[in-house]
Amino acid sequence: MQLVSMRCPNCNGAVRQVGEGKFLCESCGTSFLADYDKEDVEYQKIRLDSQREKMQFEREQAKGNNVQRTQQMKPGTGKAIGIIVGYFVIMFIIINIAVLGVVIRARKSTSNSYAQYQKRQEEREAKAREEEETAKRLKEEQESKAEESRAEAEKAEAAKLAAFDITPEDLLADGFFVDNAKAALRSQLEKNSNLYYTNWVWNEEPEYLTSYLLVAKDESNSRHNILISIYKVHWDKVFDDRTDQYVMYDGTCLYNLSKDSDGTIRTDYSPHPLSYNSELVANQFLHGFSDYDQLIRQEIYANSDYRYVEFQFPEETEESTEATGDNGGNSQQ
């Protein structure tokens with residue numbers, strides 16, 4: 001091996017070794033590498049092989065020492081170690097079994113809780129369905145009852161309307177009504193007279209002219225069905241030496257006529273004046289109208305809330321007069 005100059009070729013300063021084959025100029029800081037030849041390489045190889053053999057020897061020596069220490073252990077030490085290891089294994093198994101039991105119980109408890117929840121949920125749903133069905137049934141029952149009530153009310157209203165929906169034929173078919181209605185109307189006609197002077201008298205019985213049945217167009221009208229009879233009244237004004245004659249047209253009426261289910265006519269047989277109209281005739285106010293057409297226009301045609309039908313009562317006979325007197329207190333009143 002040849003040495004390379006240890007002086008720096010740049011500044012001729014001193015060079016020192018700083019590593020394996022590395023050198024450094026202390027003056028200018030230039031670094032250098034050693035130039036190894038074949039002999040150097042062989043030497044390096046021998047040195048490395050020697051180091052490997054030394055390390056192998058040290059490992060084998062350390063292994064031998066471990067075996068010797070193991071052989072030098074007291075008798076029973078391996079058994080104690082086995083017992084300890086077995087104890088830990090058994091404890092591990094016990095712990096795992098306990099944990100597994102806890103997990104199983106937890107799962108079972110969770111399953112039971114879920115089953116109970118499902119059961120409660122099903123019970124709640126069943127109860128809700130039952131309540132819904134009960135409410136539906138009650139609603140249907142209420143609607144059915146309401147429908148029955150409406151049907152009964154409609155039936156009653158229809159019966160009521162049918163009771164008030166009468167015709168002249170219905171009136172004339174009830175002989176009791178005809179006789180008593182004519183008598184009541186005739187008696188009211190006498191009450192219509194309110195004379196101031198005493199020399200005024202009827203010179204004969206009032207002459208019956210005609211009758212009208214007025215049926216209310218609005219069924220809610222409280223004054224259903226009016227029977228109007230019109231008469232011709234002859235008045236005499238009596239003097240000492242003469243008698244003057246006058247004619248007035250007057251009428252009376254019955255209210256609230258209805259028909260029972262057996263066809264008989266109901267009324268209170270309490271007549272009212274047809275009109276409060278009075279006219280001054282020969283210095284005396286006489287009840288009624290002097291113009292027949294005016295009476296009809298004012299008392300019949302003017303009742304726009306009613307539809308009217310004109311008809312004639314039958315002629316009065318002695319038998320009907322007697323029957324009227326006999327039945328004046330009949331319960332139909």
Can you give me the number of residues within the stretch 18-60 that are among the polar types (S, T, N, Q) and at pLDDT below 80?
3
Residue list for the stretch 315-333, filter: surrounded by fewer than 15 Cβ atoms within 10 Å (Cβ to Cβ) and either of a type in the set (S, T, Y) or modelled with pLDDT of 90 or more (or both)
T317, T321, S331
Top-ranked residue of the stretch 223-255 - restricted to ones that are out of contact with any helix residue (DSSP H, G or I) (no Cβ under 9 Å at 6 or more places or on another chain) and not in a strand (DSSP E or B), ranked as modelled with the lowest pLDDT
R223
Look through the stretch 226-268, keep the residues that are surrounded by 14 or more Cβ atoms within 10 Å (Cβ to Cβ), in contact with an Asp or Glu (Cβ under 9 Å, 6 or more places away or on another chain) and of a type in the set (S, T, N, Q), and return whichever of them is nearest to Q284 (Cα to Cα).
N256
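The values are calculated or read from the model by the stated rules, or taken from the named source; none is laboratory data. In this text, all values refer to a predicted model and were calculated from it rather than measured experimentally. Neighbour counts are summed over all protein chains in view; Cβ atoms, including those assigned to glycine, are modelled from backbone coordinates with ideal geometry.
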